[in-house]
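The structure appears below as structure tokens.
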Amino acid sequence: MRLRGLLSLPGVPPLLSLGGLLALWQIAAGAIGIEGLPSASSVIASLPGVLFDLESLAEIGASLQRMALGFAIAVATAIPLGLVMGRSRAVAGFFGPLLTLIYPVPKAALMPIIMLWFGVGDFSKVLVIFLGVSLPLIYHSYAGARAVDEKLVWSAMAMGMPARRRVFSIILPSALPEVMLGCRVGIAMALIVMVSSEMIARQSGVGNLLFNSLDMAQYHTVYATILVIGAIGFALDALFERVRRRLTFWGETGEETVAGGG
Amino acid sequence: MARALKLALLHLYPVALLLAAWEASVAAGLVRKILLPAPSAVFARLFELLQTAAFLEHVAQTLVRLSAGLAIATALGLALGLAAAASHPAGRMIQPLVRVLAPIPKIALYPALILILGFDHASKIALVAADAVFPILFATYHGARMVEPKLLWSARAAGTSPRACVFKIVLPAALPSILTGFRIALVISCVVVFLAEMISSTDGLGHLLIRAARAFRTVDMFVPLVTISLLGLALNALVAAGRRRLLAGYGEAR
Amino acid sequence: MIEIERLSKTFRTETGAEHAALLDISIAVPEGQFLSILGPSGCGKSTLLYIVGGFVRASSGQVRVAGRAVSGPGPDRGPVFQEFALFPWKSVTGNVIYGLLEQGVPREEAERRVAKLLEAVHLKGYENFYPKELSGGMKQRVAIARTLAYDPAILLMDEPFGSLDAHTRTLLQNELLSIWERDRKTVLFVTHSVEEAIFLSDRVFVMTASPGRQKAVIDIDLPRPRVRSELLLDRRYQETVVEIERLMENPVQ
């Protein structure tokens, strides 16, 4: 009985599964015994080395900054666009096919071309992240705006609410659950695009750190950095999920959508 | 037939507009050809390359990795999704694992996969599988959970064992959902294999892009991008057609 | 044939509260009897049926079928549900033949039997149709044929005509009776319609509102075969309707 109670506490099952994964890793490393797969314990031991190395921290920090910037710009532009698309067939008819075409193109793969145009600085990196985040944001905002119950809008009209107020009082809140879901997918995409674009561009950032360590055969650093990235991903997702739930506790959204690739 | 054509045109006019504007800008000299080649140039080059064995070999490499990774992801995703839905203890073990692994950007695992599996096919296939398994797993799990219990009861009463029910009832009933997840996984696979080939590879479409970038051949940079997009669209259309055939009888269950 | 002793069922809701659905139900159903279970909505009559079918476990009490305690579903107790529960990915034939194949009947023989069954439920010619292409009445015919296919000794019918329009309902009631007259299976028939219960059955088990308890057991003494037009003018039928409707008026006691 007490074990059941323990298991039902919120953070416990993920921690247990994490522990299980680490144990599995340890066993596998021992069994496979190649240099390329160091034991979990040795990697965890080298974590402080990664986390407290000022240079690496600065790189990771810079990466996160760029990611945040790209995400913020996307939020400011993609959500309004998606909402407008949801309410206007003409706008949807124009942008929809274009977006469908761009959807299968890996945004990080545009990195070399974008660097050709805009150079190797931060602008290119932020742009790529912006592109990667925009698509899910537009899609979910569009879905959310389309799904607004017309009867709500009519009720508001009957109450004499002007169009502008309707947008903020009726449409935005109605669409909010889907928009927040889009944000959750978007933040995952931001992380993916950031890491992969840095792996491709190899200028700076955490993706570059990873492959530098790989090239220099610093295997422990590779794995430790992966753990750090994984932790960041997990933390961001959990954070956004909490924010989403608090802001939209009253709503029902579609099923979990999965971000993937880039 | 005319109506379908009309509908297609209506949907595609923005694309046509964009291509036309793009072509015109380059022709008018508004954009430097070296930075942004005209669509006509890109497609001409693509057409040219499609007739060379070397290019086709790269395409084949990409396809092989994509298919292998997707196949592994499908098998794994189906198995885990069905297990988690059908068995409570299995579900309680799988769910937290998925919760921990899903938000991690799998691309970050690529260096580790290279270390363990080497620089060639295996690490890329593993990466594709790692990314593609999640949408299939989710779709299978949710589809299986939503099966109407009375369908299961009817089968049980007719004599089907609980174990056989999973394959005879749950799987067919969840098929619409599973196919949707598969389509998402397909797009993800295209993206991931291309990126992996860009990051570290000696062949494949992604590698071709990097090679062209290093040689400053802009047209040759666009060709692989267009190719993978067309590939993705074609595969998607294939799956859609297959889906229509498989789900022919389903009706409301779609 | 069916012995139900002091059956009770409580459900635990998501919030942890307990909800008593059935309380202390006892009844014996002899072989070949058509028993209707009648009661207001939510009185637990479907739950009672599901427990006999082995789909739901009782909280306390016993259910014995042919002397053996019920431990799970089986081909001796065939269900027919209100929502039809047809396999949407199978054709009419695919649905009806399912139980036969599960029972190991060889394909040729099974197909023969399916053809006969489809004729009996007036669905000849619809063998390759899919459920989505059928009307409600046709879907229910398929459901009945599918259950009859594996020849269960007991039929468990859960408001099978509830989602059909009045006309189709009358049609199917008659069809059900004519099919039943041939084999005289034991039937448990859940309904909330007094007239349907009396028209079809040998006995009516009236339940109270939730938590469902036995309110009354009424024997239906009307002669078979039952013809609707004759019955509506029969005095005994009318009195039985009134008697049971009066019982239903005060559903709590």
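On average, how many beta carbons from a partner chain sit within 10 Å of the beta carbon of a residue in A:87-97?
Mean partner-chain Cβ count within 10 Å for A:87-97: 2.
GNM, chain A, Cα, under 10 Å: largest mean-square fluctuation among A:G160, A:G230, A:G49?
A:G160
Quick one: 3J(HN,Hα) in Hz for the stretch B:105-116, Karplus 6.51/-1.76/1.60 with θ = phi - 60°, rounded, Gly and Pro as x.
x, 4, 4, 5, 7, 4, x, 5, 4, 5, 4, 7
Placing +1 at every Lys and Arg Cβ and -1 at every Asp and Glu Cβ, with all other atoms neutral, what dipole size does chain B have around its Cα centre, in debye to the nearest 20?
Using Cβ point charges on Lys, Arg, Asp and Glu, chain B gives about 720 debye.
Which one, C:V70, C:V187, C:T240, projects farthest toward the positive side of the charge dipole computed for chain C from Cβ point charges (K/R +1, D/E -1)?
It is C:V70, whose Cα lies furthest towards the positive end.
Are there DSSP H segments in chain A that both extend 18 Å or more along their axis (alpha-carbon positions) and score a mean Kyte-Doolittle hydropathy of at least 0.0? List them, or say none.
Long hydrophobic helices here: A:12-32, A:54-87, A:89-102, A:122-146, A:172-201, A:219-247.
Distance cut-off 29 Å, Cα to Cα: go down the list C:K139/C:K215; C:K9/C:K116; C:K45/C:K139; C:K139/C:K185 and report the pairs above it.
From the list (C:K139/C:K215; C:K9/C:K116; C:K45/C:K139; C:K139/C:K185), the Cα-Cα distance tops 29 Å for C:K139/C:K215; C:K9/C:K116.
When only C-alpha pairs under 8 Å and at least 6 residues apart count, what is the relative contact order of the stretch B:38-253, in percent?
That works out to 26 percent.
Would you calculate the separation in nanometres between label points at B:Y13 and C:V242, each defined as 7 Å from the Cα along the Cα-to-beta-carbon direction?
7.4
Using the charge dipole of the stretch A:46-170 (Lys, Arg: +1 at Cβ; Asp, Glu: -1 at Cβ; taken about the Cα centre), state which of A:P48, A:M157, A:V128 has its Cα farthest towards the positive end.
Farthest towards the positive pole: A:M157.
Of the residues C:Q62, C:Q82, C:Q238, which exhibits the maximal mean-square fluctuation in a Gaussian network model of chain C defined by a 10 Å Cα contact cut-off?
Top of the fluctuation ranking is C:Q238.
Sort C:R213, A:R246 so the one with the fewest other Cβ atoms within 10 Å of its own Cβ comes first.
Taking fewest neighbouring Cβ atoms as first place, the list is A:R246, C:R213.
Search the structure for amide H atoms under 5 Å from the amide H of C:I37, placed 1.01 Å from N in the peptide plane, and list their residues when 5 or more places away or on another chain.
C:F189, C:V190, C:T191, C:F205
Under a point spin-label approximation (7 Å from Cα along Cα-to-Cβ), what is the B:A2-C:A66 distance to one decimal in nm?
Here the answer is 6.7 nm between the modelled labels.
With +1 on each Lys and Arg Cβ and -1 on each Asp and Glu Cβ, how big is the dipole of the stretch C:86-151 about its Cα centre, in debye rounded to the nearest 20?
200
For a quick check: sort C:K90, C:K45, A:K151, B:K33 by the number of other beta carbons within 10 angstrom, fewest at the front.
A:K151, B:K33, C:K90, C:K45
Pairs of Cα atoms under 8 Å, at least six residues apart: use those to get the relative contact order of chain C, whole percent.
Relative CO of chain C lands at 27 percent.
Under 10 Å, Cα contacts only: if you run a Gaussian network model on chain B, which one of B:V170, B:V31, B:V239 comes out with the highest mean-square fluctuation?
B:V31
Take the alpha carbon gyration tensor of chain A, find the square roots of its eigenvalues, order them as a ≥ b ≥ c, and report rounded if a/c is under 1.5; if not, report prolate when a/b exceeds b/c, else oblate.
It is oblate, given that a/c is not under 1.5 and a/b is not larger than b/c.
On a full-extension model of 0.36 nm per residue, what is the gain between B:A248 and B:S25, subtracting their alpha-carbon distance, rounded to one decimal in nm?
Here the answer is 75.6 nm.
For chain B, what does the alpha-carbon gyration tensor say about shape, rounded, prolate or oblate, given a ≥ b ≥ c as the root eigenvalues, a/c under 1.5 as rounded, and a/b over b/c as prolate?
It is oblate, given that a/c is not under 1.5 and a/b is not larger than b/c.
Taking the Cβ of C:L35 as the centre, find all other residues whose Cβ is under 14 Å away and add up their charges (Lys, Arg: +1; Asp, Glu: -1).
-1
Whole number please: convex hull volume per residue, Cα atoms of the stretch A:135-262, in Å³.
113
Placing unit charges on C-beta atoms (Lys and Arg positive, Asp and Glu negative, everything else neutral), compute the dipole magnitude of the protein assembly as shown about its Cα centre in debye, rounded to 20.
Charge dipole of the protein assembly as shown: 780 debye, to the nearest 20.
At R0 = 41 Å, how high is the FRET efficiency between A:L22 and B:K33 if r is their beta carbon distance? Nearest 0.05 is fine.
0.15
Compute the angle between helix C:107-120 and the longest alpha-carbon principal axis of chain C, please, reported from 0 to 90 degrees and rounded to the nearest 10.
That helix lies at roughly 60 degrees to the long axis.
From the Cα gyration tensor of the stretch C:1-90, with a ≥ b ≥ c the square roots of its eigenvalues, which class applies: rounded if a/c is under 1.5, or else prolate if a/b is larger than b/c, or else oblate?
Because a/c hits 1.5 or more and a/b fails to exceed b/c, the stretch C:1-90 counts as oblate.
Separation of the stretch C:5-56 and the stretch A:163-213 by C-alpha centroid, Å?
Answer, in whole Å: 52.
Helix B:88-101 versus the longest principal axis of chain B: what angle, 0 to 90°, nearest 10, using Cα atoms?
That works out to roughly 20 degrees.
Projected onto the charge dipole of the protein assembly as shown (+1 at Lys/Arg Cβ, -1 at Asp/Glu Cβ, origin at the Cα centre), which of B:A44, C:L38, A:P106 gives the Cα projection farthest towards the positive end?
Farthest towards the positive pole: B:A44.
Can you put A:M111, B:M93 in order, fewest other beta carbons within 10 Å first?
Lowest count first: B:M93, A:M111.
Could you run the Karplus curve 6.51 cos²θ - 1.76 cosθ + 1.60 with θ = phi - 60° over the stretch B:4-11 and give me ³J(HN,Hα) per residue in whole Hz, x for Gly and Pro?
Using θ = phi - 60°, the values come out as 4, 4, 4, 4, 4, 4, 4, 6 Hz.
Between 0 and 90 degrees, rounded to the nearest ten: what's the tilt of helix B:121-145 against the longest Cα principal axis of chain B?
40
We did not get these values from a lab; they are worked out from the coordinates using the rules stated. If you're wondering where the values come from, they're calculated on a predicted model, not measured in any experiment. Positions of Cβ are backbone-derived with ideal geometry, glycine not excepted, and every protein chain shown enters the neighbour counts.
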